[in-house]
Amino acid sequence: MYLVVVTRSGPEWNPSLPLEEQSDWDAHASFMYGLAEAGFIVLGGPLADERRVVHAVEAGSEDEIRATLAGDPWSGTHLEIDAIEPWAIRLDGRRRG
């Protein structure tokens, strides 16, 4: 099952710094890259405002997502979950041919 996760900047997010200069960036990036390598995160990244992030996730439930993302060094500090919604994919251009 695919779900869409929307997060927003948390209380320790410093809007005067770029993403890669936020505190604990390396630990956060390593954690997230690991989730992508494992296939948990299918697609993801910040929206243009860089205050919100969207991830397409393959998981069995919202609880699984919350438990997994709780291990992120930025969980609750730099990022907070705004919404988790099931996503019914009807079009997928990656599977052409």
*asked:* Could you go through the range 20-38 and let me know if any residue there is in contact with a Pro (Cβ under 7 Å, 6 or more places away or on another chain), open to solvent by 30 Å² or more (accessible area, probe 1.4 Å), at positive phi and assigned to a loop (DSSP other than H, G, I, E, B).
replied: yes
Within the range 50-62, the count of residues that are closer than 23 Å to L19 by Cα and open to solvent by 70 Å² or more (accessible area, probe 1.4 Å) comes to 3
Flagged pairs (Cβ under 6 angstrom, 6 or more apart or on separate chains; first in the range 63-74, open to solvent by less than 50 Å² (accessible area, probe 1.4 Å); second of a type in the set (S, T, Y)) are L69/S75
| query | Quick one: would you say R95 is surrounded by fewer than 14 Cβ atoms within 10 Å (Cβ to Cβ), basic (K, R) and without any contact (Cβ under 8 Å) to a residue 40 or more places away in the chain? | reply | yes
Screening A48, A38, A88, A70 for residues that are over 18 Å from L3 (Cα atoms) and either under 15 Å from the mean Cα position of the chain (by Cα) or of a type outside the set (S, T, Y) (or both) leaves only A48
* Test: A48 is among the hydrophobic types (A, V, I, L, M, F, W, C), out of contact with any Leu (no Cβ under 9 Å at 6 or more places or on another chain), outside any strand (DSSP E or B) and on the phi < 0 side of the Ramachandran plot -> yes
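The values are calculated or read from the model by the stated rules, or taken from the named source; none is laboratory data. A quick note: this is a predicted structure, and the numbers were derived from the prediction, not measured. Reconstructed Cβ throughout: ideal geometry from the backbone, glycine too, with neighbour counts over all protein chains shown. We work out accessible area using only protein heavy atoms, side chains counted, and drop any ligands, DNA or RNA first. Shrake-Rupley method; radii C 1.70, N 1.55, O 1.52, S 1.80 Å.
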